[in-house]
Amino acid sequence: MLEELILILSILFIGSFIQGASGFGFGLFSMGFLPLFLTLKDSTLLVLALTVVISLTILFRFFKLINWRNITIILIGALTGRVCSFYFLNTYGDMDWVKKILGFILIAMVIYLLTTKEKTTSSPLYKKVPFTVFIGLIGGFIGGVFAVGGPFFTFYFLMRYKEKNEYNANLQASFIITNGFTLTLHGINGDYNPSFWFYLLPSLFVILIGTKLGLRWFEHLPRTLIKKVVCIIILISGVLLLINT
């Protein structure tokens, strides 16, 4: 049990450092490995809870830049997706075949990250309500089941905001609201077992250190290098999930 705890804390520390240093990757990295030790459901709930803490840590710097009016529409779709994911996770969350789906999704995410240039686009798609709701719905569902819905919201907010701090503020606010909503649903349903609290409490300490160290290195580490390393690790973890489940 102690060795497993150390491994899980190490995974979460690296994931939080990556998130702080590059602005993305905690859920993708952590969910690539946690399901090898925990059930998908426990892994997802743990990552969602910790993501809220990490997002709050980052958002503390940019809270005044949140545009509540702009994020309302995507949140309508996202929260709807989270309701659907709640029922899916409770029904299928302990089944190994769902972990294989996660493996495929992780590999697909790597392909997306490696083939998509990180630049703000002037595409008018974000102005269309059906498109915004659709992005929120898909990102909300995948985020609620696998805790890796971040790239969908990243894609949307990169289109909407040119200034990186404004983009980051609204992205983190969306994570906090959607993850908090999902965690509340599972709390009402009584889905938190003793092992969740056993891993959550020491994890909070670990991710706060990892996030702060990552933020400190934010200006020094090349984003492109971090992105490539993270993608390679996620790719390997996705393959492991396909092989070992």
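One residue is enough: does the range 69-82 have a residue meeting the conditions under 25 Å from residue 38 (Cα atoms) and modelled with pLDDT of 90 or more? Steps first, answer last, please.
Step one: list which residues in the range 69-82 are under 25 Å from residue 38 (Cα atoms), which gives 81-82.
Now restrict to residues that are modelled with pLDDT of 90 or more: 81-82.
Among the residues of the range 69-82, at least one is under 25 Å from residue 38 (Cα atoms) and modelled with pLDDT of 90 or more, which makes the answer yes.
In the range 67-85, which residues are open to solvent by less than 20 Å² (accessible area, probe 1.4 Å) and farther than 14 Å from residue 153 by Cβ? Answer for the range 67-85, where residues must be open to solvent by less than 20 Å² (accessible area, probe 1.4 Å) and farther than 14 Å from residue 153 by Cβ: just 85.
Is the range 214-222 home to any residue that is in contact with a Gly (Cβ under 6 Å, 6 or more places away or on another chain) and modelled with pLDDT of 90 or more?
no
Taken over the range 113-135, residues that are hydroxyl-bearing (Ser, Thr, Tyr), at pLDDT 75 or above and under 24 Å from residue 79 (Cβ atoms) amount to 1. When the test is whether a residue is open to solvent by 60 Å² or more (accessible area, probe 1.4 Å), outside any loop (DSSP other than H, G, I, E, B) and more than 15 Å from residue 42 (Cα to Cα), residue 212 passes it.
Quick check on residue 24: is it open to solvent by 10 Å² or more (accessible area, probe 1.4 Å) and at pLDDT below 90?
Working: open to solvent by 10 Å² or more (accessible area, probe 1.4 Å): yes; at pLDDT below 90: yes.
The answer is yes for residue 24.
Condition check for residue 38 on (1) at pLDDT 95 or above; (2) touching a Ser or Thr at 6+ places or on another chain (Cβ under 9 Å): one failure, at (1).
Select from the range 27-50 the residues that are open to solvent by less than 30 Å² (accessible area, probe 1.4 Å) and outside any helix (DSSP H, G or I) and list them in ascending order. Scanning the range 27-50 gives 32, 38. Once the range 51-66 is narrowed to residues that are surrounded by 15 or more Cβ atoms within 10 Å (Cβ to Cβ) and outside any helix (DSSP H, G or I), the residue that is modelled with the lowest pLDDT is 62. Where the second residue is among the acidic types (Asp, Glu) and modelled with pLDDT under 85 and the first is within 11 Å of residue 234 (Cα to Cα) and surrounded by fewer than 21 Cβ atoms within 10 Å (Cβ to Cβ) and lies in the range 91-115, which pairs have Cβ atoms under 8 Å and are six or more apart or on separate chains? Correct list of pairs: empty, since none qualify.
The values are calculated or read from the model by the stated rules, or taken from the named source; none is laboratory data. As the structure is a prediction and not an experimental result, all values here were calculated from the model. Every residue, glycine as well, gets a Cβ built from its backbone with ideal geometry; the counts of neighbours run over all protein chains shown. Keep in mind that these areas ignore ligands, DNA and RNA; they rest on the heavy atoms of the full protein, side chains included. Shrake-Rupley method; radii C 1.70, N 1.55, O 1.52, S 1.80 Å.
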